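The values are calculated or read from the model by the stated rules, or taken from the named source; none is laboratory data. Nothing here was measured: the structure is a model prediction, and the numbers come from that model. Here the Cβ positions follow ideal geometry from the backbone for every residue, glycine too, while neighbour counts run over all protein chains shown. What goes into the accessible areas is simple: the full protein's heavy atoms, side chains included, and nothing from ligands, DNA or RNA. Shrake-Rupley method; radii C 1.70, N 1.55, O 1.52, S 1.80 Å.
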Amino acid sequence: MMLRTLQYLITLSVIFECTSGLYFHIGETERKCFIEEIPDETTVIVNYKVELYDPRSQGFMPSSPGIGMHVEVRDPDDKVVLSRVYSSEGRISFTSHTPGEHIICLYSNSTAWFSGGQLRVHLDIQVGEHAIDYANVAQKEKLSDLQLRIKQLLDQVVQITKEQSYQRYREERFRQTSESTNRRVLWWSVTQTVILVAMGAWQMRHLKSFFEAKKLV
């Protein structure tokens, strides 16, 4: 049992070591949104860098200072967590207060700077303990290598606990959705049955009146 639990913790630890680094192209009026499933009370750091397409070299070069990105973050209740304009390269930090799918949207703050060109946006989203700069923490708190490693492991355990709580929350929401769907299907079946019985009774009564009018019965 202990061995299985240890294997489970190691597996989750390996999963949490992954960060979502990517880049994408965006036009002057385009809006790109990403969905990130985040437990509650979890720190998220978004690192980004914007590059401008150069027709002469047919490649991407560092953007001018005038180009910025408007970043908007919404929580699962569609409430705005963060909404502001940043420079062409920077770091965004926020803390989730509601577990669930957070939507992170980015778009250019102006269309006049690149005249219909294309931007390449490098994006790196770090969640949980990966958002912590442990080198800075070790320097500030004057921790040894062993103390720093213990702190990292404790942060990982806390993050795993939050992730397990979030999975239980998702399971509960899914169960509620399934029960609600089953109730609706049941009531729909009952309604169909009542309508069919009522139509059958009306047809029998209509046929009886028809036969009596024709003196067939």
Go through ASP124, ASP40 and list them by solvent-accessible area, largest first, probe radius 1.4 Å. ASP40, ASP124
Mind checking the alpha-carbon convex hull of region 132-189 and giving the volume per residue in Å³? 66 Å³
Are there any trypsin sites (Lys or Arg not before Pro) in region 159-217 that are in a DSSP loop and have at most 15 other Cβ atoms within 10 Å? List them by number. LYS214, LYS215
Among the listed pairs LYS49/LYS142; LYS32/LYS151; LYS49/LYS162; LYS140/LYS162, which are separated by more than 28 Å between their Cα atoms? LYS49/LYS142; LYS32/LYS151; LYS49/LYS162
At a probe radius of 1.4 Å, what is the per-residue accessible area of GLU36, in Å² to the nearest 10? 40 Å²
What list of ³J(HN,Hα) values in whole Hz, one per residue of region 204-211 in order, does the Karplus curve 6.51 cos²θ - 1.76 cosθ + 1.60 (θ = phi - 60°) give from phi, with Gly and Pro shown as x? 4, 5, 5, 5, 4, 5, 5, 5
Taking H as built 1.01 Å from N, whose amide H comes closer than 5 Å to the amide H of THR42, not counting residues under 5 places away? SER96
Apply the Karplus parameterisation 6.51 cos²θ - 1.76 cosθ + 1.60, with θ equal to phi minus 60°, to every residue of region 74-83 and state each ³J(HN,Hα) to the nearest whole Hz, in sequence, with x for glycine and proline. 10, 8, x, 8, 6, 8, 6, 8, 8, 7
Once the whole set of protein chains is in place, how much accessible area is left on MET61, using a 1.4 Å probe, in Å² to the nearest 10? 80 Å²
Along the charge dipole of region 132-189, Cβ charges K/R +1 and D/E -1, which of GLN139, GLN159, SER178 sits furthest on the positive end? SER178
In sequence order, what are the phi-derived ³J(HN,Hα) couplings for region 194-201 according to the Karplus relation 6.51 cos²θ - 1.76 cosθ + 1.60 with θ = phi - 60°, rounded to whole Hz, with x for glycine and proline? 4, 5, 5, 5, 5, 5, x, 5
Counting only protein heavy atoms and using a 1.4 Å probe, what share of the accessible area of region 132-189 belongs to carbon plus sulfur, as a whole percent? 56 percent
Please compute the alpha carbon radius of gyration of region 32-97, then divide it by the globular-protein estimate 2.2 N^0.38 Å. Two decimals is fine. 1.37
